[in-house]
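Here's the structure, in C-alpha cells; my notes come after.
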Amino acid sequence: MKCEHPKPDDEFPPLSKRQLAELKRRVADMKDPTRYVIVSSFLPTFSLFYCPSDGVFTMNEIPETACFKRKAEALAVAEALERRRRKRTRDLQIIKVKKTKRGVRVLEAVEVDGRTWKPKLRRK
C-alpha cells in the first residue's frame, strides 16, 4: 500500500491580497530595530533607564529587557510609574533607541530644565 503525500499547493490555499499584505507588514515590523525606553535623566553622564521585567532602574545602561517595541506601551508604563511616585515631577521621558549588534544606540535627546542632551551609555 503506497501512501501519497499531498503537494504543497494542495495543502495550503493561496493567500489573498489582504492576507499577504498583513504578513508583509508583520515581517517588516518584526525586523524594525527601533525601540523605546523610559528614561529619567539628571545629567548627560547620569541617566536611569526603567527595566519593567525587574521593576528597577538601571544606571547608564539599557538592557534589552528595558526596550519597548511600541511607544504606546512605554507611555502607559511611564504614566503608571508617575502615579506611583510621591513627587509629582514629570521627569520620566520616552526616547527612541535602535538595537544594534553591539547593544543599543540612543537616537533622541532628553530635555531637562530647558537643556537637551543624548544620554551617555556605559560601554562594555
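Some values worked out for this structure:
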read-out: Exposure ranking of Ser16, Ser40, Ser53 by accessible area [1.4 Å probe, largest first]; value: Ser53, Ser16, Ser40
read-out: Dipole magnitude of the chain about its Cα centre (Cβ charges: Lys, Arg +1; Asp, Glu -1), debye to nearest 20; value: 540 debye
read-out: Helical mean residue ellipticity (222 nm; -39500 (n - 2.57) per DSSP H run of 4+; nearest 500) of the chain; value: -8000 deg cm²/dmol
read-out: Positive-end extreme of charge dipole, the chain - chosen from Ile62, Ser41, Ser16 (charges on Cβ); value: Ser41
read-out: 18 Å Cα-Cα threshold exceeded, pairs from Lys99/Lys120; Lys71/Lys98; Lys24/Lys101; Lys71/Lys96; Lys31/Lys69; value: Lys24/Lys101
read-out: On Cα atoms only, tilt of 17-31 relative to the major axis of the chain in degrees; value: 40 degrees
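The values are calculated or read from the model by the stated rules, or taken from the named source; none is laboratory data. As the structure is a computational prediction, the values presented were derived from the model and not from experiment. Virtual Cβ from ideal backbone geometry, glycine too; neighbours counted across all protein chains shown. Areas reflect the complete protein model, heavy atoms only, side chains present, ligands, DNA and RNA absent. Shrake-Rupley method; radii C 1.70, N 1.55, O 1.52, S 1.80 Å.
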